[in-house]
Amino acid sequence: MTTRRISLLSLLIALSVVGRLSFQFVPNIQPMTAIILITAILLGPVNGMIVAVLGCFLSNLLLGMGTWTIWQMLAWGILALVFGLLGKAVKRNRLLIFTPAAVLAGYLFGFIVSLNMFVLTANGLAYYLAGIPFDTMHAAGNGIFFLVLYPVMQKTFQYYLCKNDYGVTLQ
Amino acid sequence: MEETIIEVDQVTFQYHEDDARPALNAVSLSVKKGEWLAVVGHNGSGKSTLARVLNGLILPQHGRVAVNGIPLNEDSIWEVRKQVGMVFQNPDNQFVGTTVKDDVAFGLENHGVPREEMKKRVEWATQKVKMEEFLGQEPHHLSGGQKQRVAIAGVIAVQPQIIILDEATSMLDPQGRSEVMETVRELNRQGIVTVISITHDLEEAAKADRIIVMNGGEKFAEGSPEEIFKLDRKLVEIGLDLPFSYQVSMKLREAGIALSKNYLDEESLVNELWTLHSKS
Amino acid sequence: MDITFQELEHRYQARTPFERLALHDINLEIKDRSFVSIIGHTGSGKSTILQHLNGLLKPTKGSLTVGDRKIQAGKKIKDLKPVRRAVAIVFQFPEHQLFEETVEKDIMFGPMNFGVPEEEAREKARNALKLVGLPENVLQKSPFDLSGGQMRRVAIAGVLAIEPEVLVLDEPTAGLDPSGRKEIMDLFYSLHKSRSLTTVLVTHSMEDAARYSDEIVVMHKGTVQMKGTPEEIFSQSEVLVTAGLDLPETVKLQKTIEQKLGKEWKGISLSIDDLVSMVVRGIKGDSI
Amino acid sequence: MMNSMIIGKYVPGASLVHRMDPRSKLTMIFLFVFIVFFANNAVTYAILGLFTLFIVGATKLPPRFLLNGLKPIIWIILFTFILHILVTKEGPVLFEAGFLAVHREGVIQGIYISLRFLFLILLTTILTLTTTPIEVTDGMESLLHPFKKIGLPVHELALMMSISLRFIPTLMEETDKIMKAQMARGADFTSGPIKQRISAIIPLLVPLFISAFKRAEELAVAMEARGYQGGEGRTKLRELTWRALDTIILGLLIAVGIVLLLLRS
Ligand SMILES: Nc1ncnc2c1ncn2[C@@H]1O[C@H](COP(=O)(O)OP(=O)(O)OP(=O)(O)O)[C@@H](O)[C@H]1O
Ligand SMILES: Nc1ncnc2c1ncn2[C@@H]1O[C@H](COP(=O)(O)OP(=O)(O)OP(=O)(O)O)[C@@H](O)[C@H]1O
Ligand SMILES: [Mg+2]
Ligand SMILES: [Mg+2]
C-alpha cells in the first residue's frame, strides 16, 4: 500500500467519522453511509470497504461500542462491496441510478444490523419492523446526502487524483 | 566547516512533461558541514522542489545529487533520508502520531531503531526542543509553535546530519517563530546539524552563513549575506525585499549621514552612528 | 458605524466540563471610519472579540452595540443578516473557504446571500476583482487553478463584494511572502481611506499596527490591557512586554541608538522615515 | 466539544480494568458475546450477573458513566420486555385484561433477555470507558496479526486508524472555521426551507474535502521524508504487556463459561 493511499484513506475515514459525529443528535441521519458509498463507487470496492470498516469501528469507539458494531461493520462493508462493484459497471447517469440505490441501501443496512437482534432474541422480526421508521430516516438521509456529496466528492477526487499519484485510480 | 556534505550538480527537474519550464533548471550548489544556509526566492521559484530533491522525495531527470558522498538514487534514498531531515510549513499536516511521544518516535520506528534505544532518543530529542513536559499530549492541545518543535524533535531523534526547514515558521506567530528558530540555532551551534533554511524572512536569512537566491527555477546568486544584499535593487526586482537595518542604513546615507556601508545587523549600525556622533 | 462593547464576557462551551473563559470585562469603542488594530499574545482572545462584531459568537454576559443594533447576553436576536452585511470578516487563510467552480460565482456568493439580484451581483464581483488588483480574465477560471496569492485575493474580493461598512481582518497576511504582504496591507489601507471603511485589524506585526492604525488595542489574558494611539502604546514598552508583545523594529532601533548615544529623543518613530529624520537631527547635534 | 470528542468515552483511571491489556479486554468481550447465550435459568443468569458486577466494580468508575453508556439501549430493553410479555403464551396466566394475557413464561423470558442485553452493553461500555482509542487500535493490530499471512494488511489498517483518530479533532475544528467564514458571507445553515438548508452545506463541504485532500498530500510527503516505507522492518515504541492479571481474569471468564454450560437447563 503506498503512503499516499494510506494518508488519503485515513483522511476519508476521519471525514466519515466527523460526519457521523456531527449528526449524532439527529436520529439515524448518517452522512457516513453516503461517504462510504461514494468512496466505493469512485475508488473501488476495496478502498470503500476499508473506509466502511475502519470508519465504523472508530466512530463506535468514540460513541460507544456494542455488539451492534460488528453488524454495522458487516452492513457498511457489504454496501461498499456492492456499490464498488456497481461503480465499475455503471459509468454514466450515476446520480440518476445511484441515488435511489443509496435510498435502498438505508433499508438494507437496517436489515443487516437488525440481524443482531435475530441472534440475541427469538423475536428479531418484531425488532426489525419496529426499526423501519428509523431505517426510513436513514434511507431518506442517504438520498439527500448522496445527491449533495456525489458531485462534490467526484470533483475533488478527480482534481486531486489526476494531479498526484495516490496509488488509487478513479473508477 | 570546509568539509562538503551535500553536492548538487547540474540538477534539472520538471513535474510534468507539458510544463512550460522546469521547476529546477541546471542548479548546482554545495553545502558545507556545520553551516547554516538560507535559500530565498519568490513564490514558485523552486525552493521546495530543491528541498525535495535533496532528500530523495523526487529524483531529478538530469544531474546528480550526493549526500555525504553517497550518490542519491532509488537504492540509496532510505539511507539518505536518515541523514536529511525535513520540517515543513504546516505544523498540523506533518504530525503523524496521536501523542507527542508517538510522533517523535515515528521516524525511529520507520528506521527500525530498537525499542530501548528509541526510548532514550525520544527523551533526548524532546529535551533538546524543550517539550519534555508534553510527552503524552495530543496535537490538538498544542500551539502551532509547539507542534513545530515536536516536528523538529521527530527529525533530530533520527540523528540526521542535515535539517531542511521549508518555511517551517511561516504559519507561526512571532513568539512561536522565535522559539522554533532558537531551537534549531542551538542545535546548529552545538554542531549537531547542518541547516538549510528556506525562508521568506530576510531578517532571518541575514543571520545565515550563506544565502542562495532562487529565481524562476535557477540559481540567481550565491554568497554571504553581505554579498547578497549588495545586489539590493536586483533583489527587489525579483520579488524580494531588504532587511530592516539595511533599509535604514540606505535611507540614512541618502539623508546625508556618511555611513561607510549598509549594515545587516543593528549592532554594527548603532556602533558606527556612535562613532559619527562623537566626531561631530 | 460605531461599535461599542459593554462589560462583555464570553465563555466557550459554557456550563460544560470544558468551559473556558475567553473574554471578560471588555469595554471598548470602535469609532466610525477609524482604523483600529488589535494586538495580543496567542490565545489572548483576539479572534473571539472579532467574531462578536458580526454575531458569529454571542456574549455570555454584557452586550455590544453595532450601529443601532444591540446584541445582549441571553437575549435572542431574530435576524442577524443586516449585521452580517454591515460588518464583514476576512478570516485567517481566507482562501480555504473558496468552493465555487468559477471565481465569478465564488465572489457572487456573498452578495447573493444578502439578496442582491444576479446581474447586480455579477457587477459587484467584477468591481471587487478590480479592487484586489486581479485581471478580469480570472473571473471564468476555477479558483483552484490560481496561485496561493491569487486565491487569497479572490477570497478577499468575495468579502469586499458584500460592500460592508466595517471590514474586520484576522491576520490577513499570514503565510504570504514579503511583497505579497505589503501589497495586501496597502490594499486594505487604501480601501479604508477611499471608501471610508471602518477597519479592525488583528495582527502579529507590530510594524503594521504602528504604520496603519488610528488606535491600537492590546489584549492580554482575555481582556483589554490598554488602548491608545500607536505613539501612546509603543512608548510603554514595559506593559507590552508583560503582554508578551514586542516593539516595532523602528522603535527598537531608536531605543538602542538612544541608549548608545546616552540621549533621549522626544517622540517615537513609527516608520523608517521618522527614524531617519530623528537620527539625522540627533547626529547633527540639533536639539529635538 | 472538540476535546470531549476525541477521547470518546474514555475516563482516565488506574483500576484493575484500566490496567488490563487491551488484547485481553477485547478477547474477553468476544468470548462474553458467546457465553451470555449459555445462560438460560435463574442460577446461570445469577452467575453471569455476578461476573458482570465484579468487572463493573473493578473499574472503580462512578455509576453515572455506566448509566450514560446504557442510555441508548434503554428503549430496546423496554421494548424487549414488553415484546416478550405480549408474544410468549406459555405457563400460567398472571394477569388478563381483554384480549391481553400476561403469562408467567413471558415475564421470565422478558427479564432474561433484558438482562442479556444489559450484561453485554455493560461490558462493551466498560471497554470504551477504560481503554483509550489508541490502545484499542494497538490491541486490534496485535490480535489480527496472524491474519497477515492470508494477506490482510494489518499494519496499514492500524496505521490508518491511528492517523484518522489524530485528524478527527483537526477536521472538526476546520468544519467550524469554514462554517463561520461562510456565515460571515451571509450563508445560513440554520433556518429557511429544507431545500435551501441542504444546498447551504455545499459551500461547507467543498472546502472541507479540499482541505482533507491537501492534508493527505502533505502528510504523505512528511511521512516519506521521515523514512516511512511500509510495515516491514519497523519497530514500535508503544508495546502491550500481558500480565498475570489478564490471564487470571480471562481464566475466570472461561471458568464462568464452563460452569454455565454445566448448570444450564
Ligand atoms: N506537486 C507539484 N506538481 C506540479 N507542479 C508543481 C508541484 N509543486 C510545485 N510545482 C511547480 O513547480 C514550480 C516550483 O515550485 P516550488 O514549490 O518549488 O516553489 P517554491 O519556491 O517553494 O515556492 P513557495 O515560496 O510558494 O513555496 C512552480 O511553478 C510550481 O507551480
Ligand atoms: N472553539 C473554542 N472552544 C473552546 N475554547 C476556545 C475556542 N476557540 C478559542 N478558544 C480559547 O479561547 C481563548 C482565546 O482564543 P482566541 O482564538 O480568541 O485567541 P487569539 O488571541 O485569537 O489567538 P491567536 O493569536 O492564536 O489567533 C484561548 O484560550 C483558546 O484556547
Ligand atoms: Mg515552497
Ligand atoms: Mg486568532
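Points worth noting:
- Identity of the residue in segment C:13-24, closer than 24 Å to C:H204 by Cβ and open to solvent by 70 Å² or more (accessible area, probe 1.4 Å), that ends up nearest to the other protein chains (Cβ to nearest Cβ): C:R20
- For the residues B:V213, B:V180, the requirement of being within 14 Å of chain C (Cβ to nearest Cβ) and away from ligand 1 (no atom under 16 Å from the Cβ) singles out B:V180.
- Comparison of B:A20, B:A51, B:A38, B:A26 shows that the only residue that is under 29 Å from C:S179 (Cα atoms) and free of Cβ contacts under 8 Å to residues at least 60 places away in the same chain is B:A20.
- All positions within segment C:35-65 that are in contact (Cβ under 8 Å) with a residue 60 or more places away in the chain, among the small types (G, A, S) and open to solvent by 20 Å² or more (accessible area, probe 1.4 Å): C:S47
- In segment B:13-27, the residue that is farthest from the chain's Cα centre (by Cα) out of those that are hydrophobic (A, V, I, L, M, F, W, C) and away from ligand 3 (no atom under 16 Å from the Cβ) is B:A20.
- Of the residues making up segment B:142-171, those that are within 16 Å of ligand 2 (Cβ to nearest atom) and under 13 Å from B:D92 (Cβ atoms) are B:L142, B:S143, B:G144, B:G145, B:Q146, B:K147, B:Q148, B:M171.
- Subset of segment C:173-192 (residues that are away from chain B (no Cβ under 14 Å) and in contact (Cβ under 8 Å) with a residue 12 or more places away in the chain): C:L187, C:F188, C:Y189, C:L191, C:H192
- Qualifying positions in segment C:139-176 - of a type in the set (K, R) and farther than 24 Å from C:A209 by Cα: C:K141
- Among the helices (runs of 4 or more DSSP H) confined to segment B:84-202, the ones with at least 1 residues that are within 15 Å of the chain's Cα centre (by Cα) are located at B:144-156, B:174-189.
- Single condition B:G239 does not satisfy, out of (1) open to solvent by less than 30 Å² (accessible area, probe 1.4 Å); (2) more than 16 Å from ligand 4 (Cβ to nearest atom); (3) outside any loop (DSSP other than H, G, I, E, B): (3)
- No other residue among B:E7, B:E2 is assigned to a strand (DSSP E or B) and more than 16 Å from ligand 1 (Cβ to nearest atom) apart from B:E7.
- Only one entry of D:L204, D:L250, D:L240, D:L262 meets the criterion of being more than 7 Å from every other protein chain (Cβ to nearest Cβ), open to solvent by 10 Å² or more (accessible area, probe 1.4 Å) and touching a Lys or Arg at 6+ places or on another chain (Cβ under 9 Å), and that entry is D:L240.
- Members of segment C:147-162 found to be open to solvent by 20 Å² or more (accessible area, probe 1.4 Å) and either within 16 Å of ligand 4 (Cβ to nearest atom) or more than 12 Å from every other protein chain (Cβ to nearest Cβ) (or both), listed by number: C:R153
- One residue from B:F88, B:F106, B:F95 being within 16 Å of ligand 3 (Cβ to nearest atom) and touching a helix residue (DSSP H, G or I) at 6+ places or on another chain (Cβ under 9 Å): B:F88
- Within segment C:193-219, being in a helix (DSSP H, G or I) and under 11 Å from the mean Cα position of the chain (by Cα) holds for C:D208, C:A209, C:Y212.
- Just one of the listed residues (B:N110, B:N90, B:N43, B:N68) is polar (S, T, N, Q) and surrounded by 23 or more Cβ atoms within 10 Å (Cβ to Cβ), and it is B:N110.
- In a residue-by-residue description of segment B:158-168, the property of being of a type in the set (D, E, K, R) and either within 16 Å of ligand 4 (Cβ to nearest atom) or touching a strand residue (DSSP E or B) at 6+ places or on another chain (Cβ under 9 Å) (or both) applies to at least one position.
- Among the conditions (1) under 25 Å from C:R33 (Cα atoms); (2) open to solvent by less than 40 Å² (accessible area, probe 1.4 Å); (3) more than 7 Å from every other protein chain (Cβ to nearest Cβ), the only one that C:Q92 does not satisfy is (2).
- Subset of segment B:239-260 (residues that are on the phi > 0 side of the Ramachandran plot and either more than 9 Å from every other protein chain (Cβ to nearest Cβ) or in contact with a Ser or Thr (Cβ under 9 Å, 6 or more places away or on another chain) (or both)): B:G239
- Conditions (1) over 23 Å from C:I233 (Cβ atoms); (2) under 16 Å from the mean Cα position of the chain (by Cα); number of the one not met by C:D32: (1)
- Residues (in contact with a Lys or Arg (Cβ under 9 Å, 6 or more places away or on another chain), within 11 Å of another protein chain (Cβ to nearest Cβ) and within 21 Å of A:F111 (Cβ to Cβ)) located in segment A:36-67: A:G55, A:S59
- Checked across segment B:74-82, the condition of being more than 16 Å from ligand 2 (Cβ to nearest atom), at pLDDT 90 or above, away from chain D (no Cβ under 14 Å) and open to solvent by less than 10 Å² (accessible area, probe 1.4 Å) holds for no residue.
The values are calculated or read from the model by the stated rules, or taken from the named source; none is laboratory data. In this text the structure is predicted, and so the values were computed from the model without any measurement. Using ideal geometry, Cβ is built from the backbone for each residue, glycine included, and neighbour counts are taken over all protein chains shown. Surface areas here come from the heavy atoms of the whole protein model, side chains and all, with no ligands, DNA or RNA. Shrake-Rupley method; radii C 1.70, N 1.55, O 1.52, S 1.80 Å.
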